[in-house]
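Below is one structure, written out as structure tokens; the observations come after it.
The values are calculated or read from the model by the stated rules, or taken from the named source; none is laboratory data. The model shown is predicted, which means the values in this text are computed figures rather than measured ones. With ideal geometry, Cβ positions are generated from the backbone for all residues, glycine too; neighbour counts draw on all protein chains shown. Side chains included, ligands, DNA and RNA excluded: accessible areas come from the protein's heavy atoms. Shrake-Rupley method; radii C 1.70, N 1.55, O 1.52, S 1.80 Å.
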Amino acid sequence: MIDHYCERIDAGILAEPINAFTNISFLIAFFCLLPLSKARFQYLAAGERIILIALLGLLLAIGFGSTAFHTLANRWSLMADVIPITLFQLVFLGGYLRYVARVSLVFVAIALIGFLLAGAMLGRLSLGINGSESYLAPLLFITAMGIYHKVTAQNGSWMLLLTTGVFVCSLGFRTIDNAICSVWPIGTHFLWHLINGVVLFLCTRVFLMSAGEKDYSFEAKLA
């Protein structure tokens, strides 16, 4: 049994009911994105469509994988939790750089390698933030992308910076989970799930708004 969170007090499959149930946020994000995706799909190039489909599929995988981990709490379910999250980060970063920032494939490859190396190095640190060190790399990268998005006046120019702020909030709840067990036994990890559903929704919506050809009727609905 892998026990990382306040809520789990035994090895039972239902030992983390709140942590397990709150993964519904990723499914809600998926279904909220479907009409937006349908409205934009015809304006996307083939590569952009692949990125969008991958992001939507990974949203579902994150929801189911995290649910598996918070019920079974073993090594394979941990992989089912971690791998889709990592893939979503890589797909979003690569898709944004290629189809929104319009950089070369070489630059995309360098950025993805840099992202993985940064995550690995930061993950080795021991900063006393409850194992959240590896998430500092996504925070740094999304902050930089948010600044770029705003400075270059992309569609929804403020949205990635908003996403950064929301992610800081969710990371804070993940970090304090074990520290408050004695006063709040269920912990705060469930809030990490709920808020990250919003984070991934916003990331995918940024891609939808900014990639592809212009669709002025769609943009008018967003105004």
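Observations, loosely collected:
- Top-ranked residue in the range 94-142 [being farther than 23 Å from ASP177 by Cα and basic (Lys, Arg); ranked as least open to solvent (accessible area, probe 1.4 Å)]: ARG98
- Meets criteria (assigned to a helix (DSSP H, G or I) and either farther than 21 Å from SER170 by Cβ or not acidic (Asp, Glu) (or both)) for LEU90: yes
- Subset of the range 75-85 [over 14 Å from THR22 (Cβ atoms) and open to solvent by less than 50 Å² (accessible area, probe 1.4 Å)]: SER77, LEU78, ALA80, PRO84, ILE85
- Members of the range 1-30 found to be among the hydrophobic types (A, V, I, L, M, F, W, C), in contact (Cβ under 8 Å) with a residue 40 or more places away in the chain, crowded, with 18+ Cβ neighbours inside 10 Å and in a helix (DSSP H, G or I), listed by number: ALA20, PHE26, ALA29
- Cross-chain or 6+ apart pairs with Cβ under 6 Å, the range 184-213 first and closer than 25 Å to ALA20 by Cα, then open to solvent by 40 Å² or more (accessible area, probe 1.4 Å) and part of a helix (DSSP H, G or I): ILE186/ILE18; THR188/PHE173; THR188/ILE176; PHE190/ILE18; LEU191/PHE173; TRP192/PHE173; ILE195/CYS169
- The one condition from (1) modelled with pLDDT under 95; (2) out of contact with any helix residue (DSSP H, G or I) (no Cβ under 8 Å at 6 or more places or on another chain); (3) not hydroxyl-bearing (Ser, Thr, Tyr) that LEU117 does not meet is (1).
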